[in-house]
Amino acid sequence: MMQPKSPAMRRLMSRFWPLMAAYLVLLLSVGPIIDAPTASLGAYLLAGLPAAPLVGIIVVLALYLLEETDEFLKVRMVEALLWGLGALLIISTVWGFLELLAGAPRLPLHWLFPIFCVAMGLADLLARWRYR
Amino acid sequence: MRNRLKVLRAERDWSQGELAQRLGVSRQSVNAIETGKYDPSLPLAFKIARVFDLSIEAIFEDEAAAQDG
């Protein structure tokens with residue numbers, strides 16, 4: 001059954017999805033603009049542009065924790081964030097050793113945020129099941 | 001933490017949603033407290049006690065004290 005969202009959660013969603021859409025648009029449009037990677041300030045600024053909405057998403061998550069008045073929902077979000085961060089640290093560290101010592105292919109750093117989001121989403125699903 | 005929330009709610013014929021509304025929290029919160037999966041903070045425990053017009057001890061069981069005694 002779909003659970004009704006708290007006002008803070010509704011605000012989080014209304015802020016999160018436009019930022020995610022902006023991320024996808026920037027991700028798909030910045031690549032073709034930069035023809036060949038050059039180490040100039042302009043190229044750095046342009047290449048870093050898709051990361052701006054991701055910074056916004058972190059801010060939006062922090063705002064949710066400040067605005068959520070339901071202590072249980074807040075605890076559930078903190079748990080999901082910790083699981084997401086834990087999974088991110090474990091995956092990136094283990095993969096780092098695989099790269100260093102076993103010649104595994106390089107894990108692009110821009111994959112870290114999606115890995116965090118997926119891990120957090122899975123943790124949230126698990127929490128919903130646990131507290132059902 | 002064990003508690004009598006479900007019994008007290010049933011005595012008043014309140015749904016989880018109704019109790020949640022009276023407490024100003026989500027229905028998920030009431031469910032998690034009722035099933036002992038989440039222990040409420042002291043302010044929320046006081047609020048629950050006020051809603052049922054009972055003391056906190058009449059709703060929540062102090063398991064550590066029960067073991068000591």
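FYI, it's all coordinate maths here, none of it is from the lab. Note that the structure is predicted; figures quoted are calculated from it, not measured. Here the Cβ is made from the backbone with ideal geometry for all residues, glycine too, and neighbour counts use every protein chain on show.
Of all residues in region B:6-18, those satisfying the criterion of being closer than 18 Å to B:Phe60 by Cα, hydrophobic (A, V, I, L, M, F, W, C) and out of contact with any Leu (no Cβ under 8 Å at 6 or more places or on another chain) are B:Val7, B:Ala10. Looking at the structure I just gave you, is A:Val59 within 14 Å of another protein chain (Cβ to nearest Cβ), in a helix (DSSP H, G or I) and either within 17 Å of the chain's Cα centre (by Cα) or surrounded by 17 or more Cβ atoms within 10 Å (Cβ to Cβ) (or both)? Criteria not met by A:Val59.
Answer with yes or no whether A:Met120 is touching an Asp or Glu at 6+ places or on another chain (Cβ under 8 Å) and either closer than 30 Å to B:Ala45 by Cβ or surrounded by 16 or more Cβ atoms within 10 Å (Cβ to Cβ) (or both). Give the derivation first.
Details: touching an Asp or Glu at 6+ places or on another chain (Cβ under 8 Å): no; either closer than 30 Å to B:Ala45 by Cβ or surrounded by 16 or more Cβ atoms within 10 Å (Cβ to Cβ) (or both): yes.
No; evaluated as a whole, the condition is false for this residue.
Rundown of residues vs (1) closer than 19 Å to A:Leu65 by Cβ; (2) more than 14 Å from chain B (Cβ to nearest Cβ); (3) touching a residue at least 60 places away in the same chain (Cβ under 8 Å), yes/no style:
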residue: A:Met77; (1), (2), (3): yes, no, no
residue: A:Leu100; (1), (2), (3): no, yes, no
residue: A:Leu109; (1), (2), (3): no, yes, no
residue: A:Asp124; (1), (2), (3): yes, no, no
residue: A:Arg132; (1), (2), (3): no, no, no
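Scanning region A:62-77 for residues that are more than 16 Å from B:Ala32 (Cα to Cα) and either within 16 Å of the chain's Cα centre (by Cα) or in a helix (DSSP H, G or I) (or both) turns up A:Ala62, A:Leu63, A:Tyr64, A:Leu65, A:Leu66, A:Glu67.
Let's see how each residue does on (1) buried (at least 16 other Cβ atoms within 10 Å of the Cβ); (2) within 21 Å of A:Ala8 (Cα to Cα); (3) more than 13 Å from chain A (Cβ to nearest Cβ):
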position: B:Lys37; (1), (2), (3): no, no, no
position: B:Leu42; (1), (2), (3): no, no, no
position: B:Ala49; (1), (2), (3): yes, no, yes
position: B:Ser55; (1), (2), (3): no, no, yes
position: B:Ala65; (1), (2), (3): no, no, yes
